[in-house]
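**Q** Could you have a look at this structure, given as structure tokens, before my questions?
The values are calculated or read from the model by the stated rules, or taken from the named source; none is laboratory data. Given the structure is predicted, the values throughout are model-derived calculations rather than measurements. Using ideal geometry, Cβ is built from the backbone for each residue, glycine included, and neighbour counts are taken over all protein chains shown. Just the protein is used for accessible areas: all its heavy atoms, side chains included, with ligands, DNA and RNA removed. Shrake-Rupley method; radii C 1.70, N 1.55, O 1.52, S 1.80 Å.
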Amino acid sequence: IVYMLACTPKGDNQQLALPRVHSPTVKEGYEATLQEREEQHRNYIISLKKQIAQLKAELQGRTKQLKNMQNQQPDSLDIQLDHSKPEKAQANLLAFLRSQVDRAEVHSGVKLSTEYAAVPFESFTLQKVYQLETGLTRHPEEKPVRKDKRDELIEVIELAVGSLNKPDGVSKAKPRVYTASDFVEGIYRTEKNKGTLYELTFKGDAKHQFKKIVLFRPFGPVMKVKNENVNMADTLINVIVPLAKRASKFRQFMQNFREMGIQQDGRIHLTVVYFGKEQMNEVKSILENTSRSANFKNFTFIQLNEEFSRGKGLDVGARFWKGNNVVLFFCDVDIYFTAEFLNSCRLNTQPGKKVFYPVLFSQYNPSIIYGHHDSIPSLEQQLIIKKETGFWRDFGFGMTCQYRSDFINIGGFDLDIKGWGGEDVHLYRKYLHSNLMVIRTPVRGLFHLWHEKQCLDELTPEQYKMCMQSKAMNEASHGQLGMLVFKEEIETHLHRQ
């Protein structure tokens with residue numbers, strides 16, 4: 001009783017919640033308080049009942065709207081399968097799968113917020129699969145392929161071959177029989193909540209003709225999306241190389257260009273944008289010698305008396321072209337490409353629809369890789385895709401193929417960016433923000449040759465940081481760098497032994 005008298009809390013109006021014992025209205029005060037509390041609870045219950053009634057009415061209205069929409073649009077994604085009628089259930093399932101195909105990035109690109117939002121493709125042949133997400137312990141190429149992935153890709157190739165061999169009912173000529181040996185290469189990727197897209201390329205009827213089949217698995221049976229003939233016989237590639245000094249590297253580049261571009265491919269143009277005058281005559285001499293010896297006239301030399309800017313050089317080279325719409329391959333002087341890559345460049349670009357951002361294989365420092373050998377192998381022998389010899393340069397966006405019309409329409413490079421780095425990512429983001437489809441996949445025929453990287457003091461802090469990160473990545477694999485770090489401990493252990 002003493003506790004209650006001393007510790008009873010006060011009410012909202014600084015009045016005692018419970019009357020004191022000596023108050024003249026003890027009984028009446030309790031009754032008034034209880035009556036007030038009961039009235040508050042009653043009002044609260046009435047309010048809750050009103051809210052529940054409003055929610056029920058709104059739910060009924062929404063349910064009615066949904067039923068009306070389902071009656072008007074039977075192809076909607078909100079399909080309920082009626083198992084009592086198998087034909088209707090199958091039709092509804094087919095409608096759902098087709099709606100998944102329409103939602104996916106199959107026919108056209110979609111706008112993406114950042115460069116990380118683009119889902120990269122992975123490429124494969126009959127023997128190997130080339131993957132990006134390999135980690136430190138796995139090879140950048142899988143051979144043999146994991147069983148579940150192998151079974152999936154075999155099913156896709158077989159379905160594509162079967163589709164190619166299916167009679168079209170129009171031509172009376174004896175149709176050609178396609179086999180798996182006609183398969184050139186394929187790319188695939190899985191999009192969240194949509195399905196897996198496959199693009200397969202087969203040899204065509206003539207040398208520069210191909211058959212391309214697009215398949216899509218919308219988290220259900222694989223469906224044929226497109227079957228088309230692709231003729232690349234007249235598709236010219238304009239290789240644009242910005243350059244300053246580095247004449248010895250250019251000589252090496254031209255040897256590769258002559259063999260792969262001129263002799264094996266033949267549908268190629270070279271544009272060299274040269275900055276400054278130092279070593280310019282030597283570079284022009286290399287170009288002219290190649291022109292005479294290989295009977296090659298399809299080249300353009302542009303000289304700019306200003307500080308080197310990769311973005312400016314590529315932009316000038318692209319806009320200098322006055323012919324028909326052409327595929328532009330933005331390339332560096334320390335790049336090695338094969339004739340097969342040039343075909344991939346053509347097949348994965350389409351004006352107004354597709355741009356190609358290949359992930360190239362970057363070499364490690366040969367003196368570290370082959371340091372235990374008597375001599376470093378020739379360049380051709382170094383072009384091997386293994387964990388010990390290099391890595392997929394998935395952070396680089398500089399080597400790219402696109403039609404000139406798409407490059408002009410997107411606005412080209414940001415010419416305010418000077419020196420090394422940044423201009424390629426800026427252009428890449430422009431394409432991601434557009435309606436064009438960005439094809440990003442590792443390719444087996446594009447290599448970045450190792451060279452010692454110099455990070456200049458004139459670079460901005462952000463560019464300098466990017467340059468140093470790239471320099472560190474270029475030297476050797478994780479395990480090989482570890483061997484260099486622990487070299488003294490290894491030698492000490494060897495001495496003890």
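**Q** So which strands (runs of 3 or more DSSP E) are wholly in the stretch 319-424 and hold at least 1 residues that are of a type in the set (Val, Ile, Thr) and in contact (Cβ under 8 Å) with a residue 40 or more places away in the chain?
**A** Hits in the stretch 319-424: 327-330, 335-337, 354-363, 400-403.
**Q** Something else now. Say whether the condition of being touching a helix residue (DSSP H, G or I) at 6+ places or on another chain (Cβ under 8 Å), crowded, with 17+ Cβ neighbours inside 10 Å and among the acidic types (Asp, Glu) is met by at least one residue in the stretch 380-403.
**A** no
**Q** For the condition under 25 Å from PHE210 (Cα atoms), of a type in the set (A, V, I, L, M) and under 34 Å from the mean Cα position of the chain (by Cα), what is the one hit in VAL272, VAL326?
**A** Of the residues listed, the single one that is under 25 Å from PHE210 (Cα atoms), of a type in the set (A, V, I, L, M) and under 34 Å from the mean Cα position of the chain (by Cα) is VAL326.
**Q** Next question. For the stretch 191-216, name all the residues that are open to solvent by 10 Å² or more (accessible area, probe 1.4 Å), in contact with a Phe, Trp or Tyr (Cβ under 9 Å, 6 or more places away or on another chain) and at pLDDT below 90.
**A** ASN193, LYS194
**Q** Would you call PHE296 more than 30 Å from ASP102 (Cβ to Cβ), in a loop (DSSP other than H, G, I, E, B) and not aliphatic (A, V, I, L, M)?
**A** Criteria met by PHE296.
**Q** So, in the stretch 217-232, of the ones that are in a loop (DSSP other than H, G, I, E, B) and open to solvent by less than 40 Å² (accessible area, probe 1.4 Å), which residue ends up nearest to VAL333 (Cα to Cα)?
**A** Once the filter is applied, the top-ranked residue is MET232.
**Q** Also, quick follow-up: Taking into account only those residues within the stretch 55-65 that are open to solvent by less than 80 Å² (accessible area, probe 1.4 Å) and not β-branched (Val, Ile, Thr), which is modelled with the lowest pLDDT?
**A** Our first condition is that a residue be open to solvent by less than 80 Å² (accessible area, probe 1.4 Å); within the stretch 55-65, this holds for 57, 61, 63.
The next check asks that each one be not β-branched (Val, Ile, Thr); those that pass are 57, 61.
Working: ALA57: 87, GLY61: 84.
Restricting to residues being open to solvent by less than 80 Å² (accessible area, probe 1.4 Å) and not β-branched (Val, Ile, Thr), the top hit is GLY61.
To keep it simple, each residue is scored yes or no on (1) hydrophobic (A, V, I, L, M, F, W, C); (2) open to solvent by less than 60 Å² (accessible area, probe 1.4 Å); (3) touching a strand residue (DSSP E or B) at 6+ places or on another chain (Cβ under 7 Å); (4) in the same structural domain as GLY422 (by the TED database).
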site: GLN255; (1), (2), (3), (4): no, no, no, yes
site: TYR274; (1), (2), (3), (4): no, yes, yes, yes
site: MET280; (1), (2), (3), (4): yes, yes, yes, yes
site: ASN289; (1), (2), (3), (4): no, no, no, yes
site: PHE308; (1), (2), (3), (4): yes, no, yes, yes
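**Q** May I ask you to verify whether LYS245 is open to solvent by 50 Å² or more (accessible area, probe 1.4 Å), farther than 24 Å from ALA206 by Cα, part of a loop (DSSP other than H, G, I, E, B) and out of contact with any Asp or Glu (no Cβ under 9 Å at 6 or more places or on another chain)?
**A** The answer is no for LYS245.
**Q** Filter the stretch 485-494 for residues that are within 17 Å of ILE368 (Cβ to Cβ) and open to solvent by less than 90 Å² (accessible area, probe 1.4 Å) and give the result.
**A** ILE490
**Q** Test GLU458 against the stated conditions and say whether it is outside the structural domain of ARG310 (by the TED database) and without any contact (Cβ under 8 Å) to a residue 60 or more places away in the chain.
**A** No, not satisfied.
**Q** If you don't mind, another one. Of all residues in the stretch 35-54, which are open to solvent by 100 Å² or more (accessible area, probe 1.4 Å) and of a type outside the set (S, T, N, Q)?
**A** Correct list: GLU36, ARG37, GLU38, HIS41, ARG42, TYR44, LYS49, LYS50.
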